[in-house]
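The structure appears right after this line, and notes come after that.
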Amino acid sequence: MQIKIEMLRCFVAVARTGNLSDAAEVLGRTPSALSMMLKQLEENLGQSLFETDRKNRLSALGSFVLEQAERELYQFDGMVQDIVNFAKAKSGKVRLAAVPSVANTIMPEVIARFLSMRPDVHIELRDMDSASILRELAKDRIDLGIASTQGHATSFHTQTLFSDRFGILCHKSSNLLLEDQDLSWEDLKGERLIANNLSQSIQVSACQRLHAESGLKVHNITSLIAMIRNKVGITILPETSAQILNTDEISFVPLPGAGFQREIELIRKSETPASPAAEELERTILTFIQDRK
């Protein structure tokens with residue numbers, strides 16, 4: 001017969017209370033049931049755990065078993081609680097990556113809302129471009145990504161969160177802001193375009209010609225903003241990127257024409273979430289986006 005966890009739990013209760021009746025009350029069992037369980041445990045061990053039938057004095061074996069059993073029960077109960085917490089999304093770790101504009105504008109509020117409900121879940125957030133996010137997902141280095149899959153072949157599970165329109169970022173003194181009507185691509189010909197990875201993804205011939213003539217490309221958004229603030233030129237970025245500027249020196253003007261936008265998506269590698277905590281974070285993100293509409 002095997003030594004079961006409930007046998008050890010029974011023994012510890014009897015050893016600590018000093019009698020069957022009090023131990024039975026603690027465990028919600030009958031004294032006869034505990035007596036039978038103790039007998040089975042002693043039969044397995046081949047020795048008595050108590051010096052007398054009154055169960056108030058431990059034998060040498062009983063003292064050793066009590067020390068070992070209490071430690072193992074503590075670990076076992078802790079393990080069970082960890083499993084339950086993980087299953088109920090009360091604990092765990094979620095690795096998340098988002099494009100910088102989303103990481104700066106949306107995620108602070110999302111994470112604050114999530115942690116108010118799940119304070120013991122650990123979140124690791126990184127910001128990177130869409131291509132890097134897809135690579136990290138492919139290598140299982142993150143559980144969730146918020147990015148755009150446009151222009152990238154992928155079999156990942158995706159769900160569109162919102163559309164992010166492209167526009168021109170220029171200094172507030174730019175002549176582009178003096179136009180009484182909507183801008184045209186022709187209006188941009190006299191401007192120095194500061195290219196970036198996102199602007200180069202726009203598949204429009206007029207935009208591509210501007211990029212071909214551009215002699216300046218900046219990869220980092222902080223550096224891009226510094227260039228515009230110092231009137232080096234203009235650039236093209238999604239609207240959410242403009243929302244993190246925190247300056248009144250730069251203006252956002254929608255691109256000429258319609259349909260110039262990127263789709264921001266919630267992305268994971270498989271159809272099922274990586275963990276209950278990841279699933280709960282997904283739900284929080286989707287609810288937050290819905291509340292904003």
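Scanning residues 5 or more positions from Ala98 or on other chains, those with amide H under 5 Å from its amide H are Arg126, Asp127, Met128, Ile146, with H placed 1.01 Å from N in the peptide plane.
How charged is the neighbourhood of Ile194? Take every other residue with its Cβ under 14 Å from the Cβ of Ile194, and add Lys/Arg as +1 and Asp/Glu as -1. Neighbourhood net charge equals +2. Counting Lys and Arg as +1 and Asp and Glu as -1 over every other residue whose Cβ lies under 14 Å from the Cβ of Tyr74, the net charge comes to -2. Translational diffusion of the stretch 46-175, estimated by Stokes-Einstein from the Kirkwood radius over alpha carbon pairs at 25 °C in a medium of 0.890 mPa s, is 124 µm² per second. Ranking of Ser201, Ser130, Ser116 by neighbouring Cβ atoms within 10 Å, starting from the fewest: Ser116, Ser201, Ser130. Extension gain, His211 to Met79: 0.36 nm times the residue separation minus the Cα-Cα distance gives 41.7 nm. Beyond 23 Å in Cα-Cα separation lie the following of the pairs Lys217/Lys269; Lys139/Lys217; Lys88/Lys293; Lys189/Lys231; Lys4/Lys55; Lys269/Lys293: Lys217/Lys269; Lys139/Lys217; Lys88/Lys293; Lys269/Lys293.
Extension gain for Lys39 to Thr105 (0.36 nm times residue separation, less C-alpha to C-alpha distance): 17.3 nm.
Placing a label point 7 Å from the Cα of Ser223 along the Cα-to-Cβ direction, the residues of the stretch 119-145 with a backbone N closer than 19 Å are 127-132.
Extension gain, Phe64-Ser163: 0.36 nm per intervening residue step, less the Cα-Cα distance, totals 29.0 nm. For the stretch 165-261, just say rounded, prolate or oblate: build the C-alpha gyration tensor, square-root its eigenvalues into a ≥ b ≥ c, call rounded for a/c under 1.5, and beyond that prolate if a/b exceeds b/c, oblate if not. Note, shape of the stretch 165-261 comes out rounded. Model label sites at Lys88 and Asp140, defined 7 Å from Cα along the beta-carbon direction, differ in position by 2.9 nm. With a Förster radius of 22 Å, plug the Cβ-Cβ distance of Gln2 and Ser48 into 1/(1 + (r/R0)^6) and report the FRET value to the nearest 0.05. Step by step, r from the Cβ atoms, then E = 0.65.
In terms of its Cα atoms, the stretch 5-87 spans 44, 25, 20 Å along the principal axes, sorted from long to short. The H on the amide N of Phe162, modeled in the peptide plane, is under 5 Å from the matching H of Ile264, each at least 5 residues off or on a different chain. Just so you know, the averaged projected area of the alpha carbon convex hull for the chain sits at 22.5 nm².
None of the figures in this text is laboratory data; all of them are computed from the coordinates on show. Model, not experiment: these values are computed from the prediction. For neighbour counting, all protein chains shown are included, and Cβ atoms are generated from backbone atoms with ideal geometry for every residue, glycine included.
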